[in-house]
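A.B. asks: Questions regarding the structure given below will be posed in turn.
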Amino acid sequence: MRLSVIVLCRDNPSELAETLHSIPAAMGSTPLGHLEVLVVDGSTTPDCRVQVETMPQRQGRLQLSWHPLRPRGVYDAMNRGLTLARGEWIAFMNAGDVYESHGLALLWRHAQDQLLRLGPERAVAVFGQAWVDPISGSARPWLTPDPSMTRLRRWLRFMVPCHQAFLFAACFARHHPYDLRAGITADRSVMRAALSRAGEGSYLPVPVCRFRLGGQSSRQGVKAWLSAWPSLLPWMMRHRARWIGRTC
């Protein structure tokens, strides 16, 4: 297996279907070999399992499998996925977020370039841009990192990349599981540890995925609280991202 995509879901079968349908197009024609898609399901109903079962378990180079998990949070599910994945590189997607066309292929090519340039000790992660889709239909999507950003190291002091836009080397990922005691910020230490080793060349300034504010990723912490005002959260996030992008 060259690549494993770990998809997390919980009682959102229609969003899960969107995510799974985006993966074949994201592979493009790149010689990725076999791609493994693992659905880690913390649902309280069988709907997500039924959704997976309605899809072909093998689809060309793509192999799909479903894995139930007692719901104990998103990072527990991610750690569970790490123990199951067999790929050399690992990506995480939450049900409801989707890949852009050829998004995985672009990330994988960039990862191979980084391996040749830096070697396996340093080339432990790559990431691209993400479109952020707002909750309100009146607001437009925006890119993160902002295209005006030129100093990645400075930008990382204030923000972290969109997790769905990452590829992690499997060896690094398994040695850096998510600390469940850190709550909703558990991903930040993992991403920053990877990027401190991989350096600025890890960044691919191309959109590779879409992060949806109304999806699974937004049902935590302050985002969940602000979702009661659908126009406020996108406004705050968009202006914060653009302001930080311009200052970096």
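The values are calculated or read from the model by the stated rules, or taken from the named source; none is laboratory data. What you are looking at is a predicted structure, and each value in this text was computed from that prediction instead of being measured. Here the Cβ positions follow ideal geometry from the backbone for every residue, glycine too, while neighbour counts run over all protein chains shown. Protein only, heavy atoms only, side chains kept; ligands, DNA and RNA dropped before computing areas. Shrake-Rupley method; radii C 1.70, N 1.55, O 1.52, S 1.80 Å.
A.B. asks: Could you pull the accessible area for residue 88 with a 1.4 Å probe, rounded to 10 Å²?
C.D. replies: 100 Å²
A.B. asks: Would any residue of the stretch 45-60 have its amide N under 17 Å from a label point 7 Å out along Cα→Cβ of residue 70? List them or say none.
C.D. replies: 45
A.B. asks: Separate question: Could you sort 242, 70, 109 by accessible area so the largest value comes first, with the probe set to 1.4 Å?
C.D. replies: Sorted descending by solvent-accessible area, the residues read 70, 109, 242.
A.B. asks: Please give the net charge around residue 186, taking every other residue with its beta carbon less than 10 angstrom from that of residue 186, where Lys and Arg add +1 and Asp and Glu add -1.
C.D. replies: Once all neighbours under 10 Å are counted, the net charge is -1.
A.B. asks: So for the pair residue 18, residue 182, with labels modelled 7 Å out along Cα→Cβ, what separation do we get in nm?
C.D. replies: That separation, rounded to one decimal, is 2.8 nm.
A.B. asks: Accessible area of the stretch 1-126 with a 1.4 Å probe: how many percent of it is carbon plus sulfur?
C.D. replies: Percent of accessible area from carbon and sulfur atoms in the stretch 1-126: 52.
A.B. asks: Once every DSSP H run of n ≥ 4 in the chain is given -39500 (n - 2.57) and the sum is divided by its residues, what mean residue ellipticity at 222 nm do you get, rounded to the nearest 500 deg cm²/dmol?
C.D. replies: Mean residue ellipticity at 222 nm (helix-derived): -12000 deg cm²/dmol.
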